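The structure under discussion appears below in the form of structure tokens.
Where a number appears in this text, it was derived from the coordinates with a stated rule and is not lab data. The structure presented is a predicted model; accordingly, all values stated were derived computationally and were not measured. Positions of Cβ are generated from backbone atoms using ideal geometry, with glycine treated the same way; all protein chains shown enter the neighbour counts.
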Amino acid sequence: MKKEISTKILCNDNDVKQAIIYIINHVKKSWKLFLIPSVVIVGILIYGIKNGFESYLYFILLLCIALDIIFYIIFYKMPISSYINFYRKRQEATYIFSELGVQLADKSEKSYDWDLFINAYETPTAFILSDVKMNYYIFPRRCFENISDIEILINLLSKKVANFRKI
């Protein structure tokens, strides 16, 4: 069984969006920030319907709605947009995954040792690697030619990256 795979990677907007949403919802779990303002909103609505709305309830309601909107923009829209913009600038490149690490086989011939990556995630649509600075490297599944290449990559990630998670 070969221990090295080579594949051309080019992420489209949908690949990036799905990968970053996975990170937001399953790794960082930012959705929890929406719970407090949402519970307060529901509570105020129930209280207001039963007892009538007073002016301070409107203020608290508007404040909680504004918090939810701000959280959505900061923790969903901005990260997704920034990663999409970053990956739009990247061109197709060939990556080689081996026992030594990940090599970018283009003009720069960059090589990344497995020690650089602290986390790896297997999602239904992509493989995501993250480094110490929490930069995410997205490798869409559709870019791999066959199932055996995916199995080799899963094997490498499980052996070489300490925190490898499958869904």
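Explain nothing, just the number: relative contact order of the stretch 30-134, from Cα pairs under 8 Å at least 6 residues apart, as a whole percent.
Working: 73 pairs, mean separation 14.3, N = 105.
This gives 14 percent for the stretch 30-134.
For the chain, what Kirkwood radius comes out of the mean inverse Cα-Cα distance, in Å? Don't jump to the answer; show the numbers that get you there.
Numbers: mean 1/r = 0.0547 Å⁻¹.
For the chain, inverting the mean 1/r across all distinct Cα pairs yields 18.3 Å.
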Residue-wise HN-Hα coupling along the stretch 155-167, computed from phi with Karplus coefficients 6.51, -1.76, 1.60 (Hz; x: Gly, Pro): 4, 4, 4, 5, 7, 9, 10, 4, 10, 9, 10, 9, 7
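Mind checking the full-extension length gain between Glu145 and Lys77? Use 0.36 nm per residue of separation minus the Cα-Cα distance, one decimal, nm. Show your work: numbers first, answer last.
Details: separation 68, 0.36 × 68 = 24.48 nm, distance 3.18 nm.
Net length gain for the segment: 21.3 nm.
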Between helix 35-51 and the chain: long-axis angle, C-alpha atoms, 0 to 90°, nearest 10: 20 degrees
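Restricting to DSSP H runs of at least four residues, report the calculated mean residue ellipticity at 222 nm for the chain, -39500 (n - 2.57) per run over all residues, nearest 500 deg cm²/dmol. Please list the in-between numbers first.
On the way: 5 runs with 71 residues, N = 167.
Theoretical 222 nm ellipticity from helices: -14000 deg cm²/dmol.
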Simple label model, 7 Å out from Cα along Cβ direction - Ser38 to Ile60, nm: 2.0 nm
DSSP-defined beta bridges in the stretch 77-167 - what % are antiparallel, rounded to 5: 80 percent
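Share of antiparallel DSSP beta bridges in the chain, in percent to the nearest 5?
Numbers: 21 of 25 bridges.
Of those bridges, close to 85 percent are antiparallel.
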Pair Tyr112, Asn14: separation of 7 Å Cα→Cβ label points (nm): 2.4 nm
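For the stretch 1-166, what is the charge dipole size about the Cα centre, in debye to the nearest 20, if Lys and Arg each add +1 at the Cβ and Asp and Glu each add -1 at the Cβ?
Working: 21 positive and 16 negative charges, 38 e Å.
Charge dipole, the stretch 1-166, about its Cα centre: 180 debye, nearest 20.
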Among Thr94, Trp31, Asn119 - extreme Cα towards positive end, dipole of the chain, charges at beta-carbon: Trp31
